[in-house]
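The values are calculated or read from the model by the stated rules, or taken from the named source; none is laboratory data. Worth saying up front: this structure is predicted, and the values here are computed from it rather than measured. When we count neighbours, we look across all protein chains shown, and the Cβ atoms used for this are built from the backbone with ideal geometry, even at glycine.
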Amino acid sequence: MPLRRPFLRYRLILLTAMFALTGTFVHAADPAIGPGDILKIEVYEEPELSMEVVVSASGDFSYPLLERVEAAGHSTHSLARMMEQMLRDKRFLRFPSVNVTLTKQRNSVVALSGSIGKPGIYPLMPGTRLREFLADYGGIADENAGPVIVIQKTDGTSVRIRHGDLYSENPEIREKNNPVLEAGDEVIIPKSEVFYVSGAVRNPSKFNIDREVTVRDAIATAGGCAVESGNAIFWQRTNAQGKRETVVFDKRQLTEQDPQLLQPVGPGDMIYVAMADTFFVGGYVKAPGEFHYEKDMTLSRAIALAGDRQEFSSAKITIVRENPKGERTIEKYDLKTIRSGKDKDPLIQPGDIITVGGGFLAFSSKVRKLLPISMPWTFLNE
């Protein structure tokens with residue numbers, strides 16, 4: 001038993017040497033690999049690394065451990081030797097033995113990927129157009145998916161085609177956006193990327209991200225603010241650290257060139273335009289959000305509507321509101337002293353933004369220096 005592993009090692013070395021010696025003759029006539037080719041890669045005693053790949057329009061392919069592998073211009077033999085060297089150099093395998101077989105050449109297939117009924121690599125009949133080819137393999141799977149992208153094998157350029165143009169009732173538009181596919185082309189339909197606009201807007205809905213969209217653009221896409229809208233707008237997004245946060249700003253700032261409001265909206269972002277007769281409760285509560293204002297509503301009742309949490313029963317409360325002059329002010333309260341009767345339970349006002357928990361509201365450095373308070377400001381969602 002102790003001799004078995006060294007013997008296997010020498011056998012692998014011998015096999016590798018035989019490949020190297022015989023490859024010059026066996027593989028000398030191999031055609032050069034190009035975009036659209038389908039390759040079968042086999043790694044001796046490594047089933048996880050054995051697979052079929054398609055060479056992209058840029059001449060490479062994705063492969064575990066090695067990320068991108070440049071294949072265009074190589075023969076199958078030279079590509080196999082190069083991959084062995086890469087696996088050795090990166091110390092993933094000590095004695096790799098790779099075999100590459102060209103299973104289909106680029107003059108016979110088109111690759112479909114993304115939001116398509118049946119993703120895969122399929123044979124192409126001469127003269128086949130894009131719409132008919134998609135229909136043969138399940139069509140577009142998600143109506144909210146991004147535009148169809150055709151990467152042409154001839155020069156690697158891409159063409160973006162909107163769904164509405166590809167399936168237009170106008171024959172001229174439909175024909176113009178239904179190109180004849182060529183062997184080796186790649187067709188990609190990006191999975192849906194949408195943002196949501198709701199609240200006091202004319203057309204609340206979800207919208208596709210098919211270009212760079214700012215908050216101002218997003219609200220305009222939803223028809224603009226409705227007559228019954230208040231001043232507060234909430235933008236829930238994912239920050240650079242991957243955490244969800246809410247940016248709160250004043251509706252009147254849509255006409256200003258605030259850099260934060262000019263940042264692009266991302267997939268899954270939610271923009272909410274508050275109603276005029278509402279208030280907002282956030283922070284350490286069970287159900288943060290917007291609530292309908294009623295006359296003579298107290299602060300403790302407002303927090304109760306959002307589901308106050310027992311562990312934060314003594315939390316500090318911050319109210320940001322607009323005074324009659326249109327200035328933003330901050331009022332601070334102690335929930336514990338209000339509930340004990342030591343302090344009066346204040347009345348809230350329409351448009352108030354109430355935050356439960358001291359430090360939960362994170363004002364920008366600009367905001368901290370200014371009173372009355374300027375917008376926007378950001379707080380992290382728990």
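Points worth noting:
- Flag for I317 being crowded, with 18+ Cβ neighbours inside 10 Å, closer than 13 Å to I354 by Cα and either aliphatic (A, V, I, L, M) or in contact with a Pro (Cβ under 9 Å, 6 or more places away or on another chain) (or both): yes
- Residue check for I151: at pLDDT below 90 and under 20 Å from the mean Cα position of the chain (by Cα): no
- Scanning the stretch 148-162 for residues being surrounded by 13 or more Cβ atoms within 10 Å (Cβ to Cβ) and assigned to a loop (DSSP other than H, G, I, E, B) gives a total of 4.
- Residue that is touching a Leu at 6+ places or on another chain (Cβ under 7 Å), at pLDDT 80 or above and surrounded by 18 or more Cβ atoms within 10 Å (Cβ to Cβ), where the choices are I41, I33: I33
- When D258 is tested against (1) out of contact with any Asp or Glu (no Cβ under 9 Å at 6 or more places or on another chain); (2) surrounded by fewer than 15 Cβ atoms within 10 Å (Cβ to Cβ), exactly one condition is not met: (2).
- Taken over the stretch 84-136, the criterion of being closer than 30 Å to E193 by Cα and either of a type in the set (S, T, N, Q) or in contact with a Ser or Thr (Cβ under 6 Å, 6 or more places away or on another chain) (or both) is satisfied by S113, S115, P119, P123, T128.
- Residue check, E52 modelled with pLDDT of 80 or more, assigned to a strand (DSSP E or B) and surrounded by fewer than 17 Cβ atoms within 10 Å (Cβ to Cβ): yes
- Cβ separations smaller than 7 Å between residues 6+ apart or across chains give the following pairs from the stretch 318-342 residues that are closer than 22 Å to Y284 by Cβ to residues that are modelled with pLDDT under 80 and not in a strand (DSSP E or B): V320/I373; I330/I373; L335/S313; L335/S314; L335/A315; K336/S313; K336/S314.
- Counting only strands (runs of 3 or more DSSP E) wholly contained in the stretch 173-257, the ones carrying 1 or more residues that are of a type in the set (F, W, Y) and modelled with pLDDT under 80 occupy 244-250.
- Residue ID - surrounded by the fewest Cβ atoms within 10 Å (Cβ to Cβ), chosen from residues in the stretch 186-208 that are free of Cβ contacts under 8 Å to residues at least 60 places away in the same chain and of a type outside the set (S, T, N, Q): R202
- Some residue of the stretch 138-147 being free of Cβ contacts under 8 Å to residues at least 12 places away in the same chain, not in a strand (DSSP E or B) and not aromatic (F, W, Y): no
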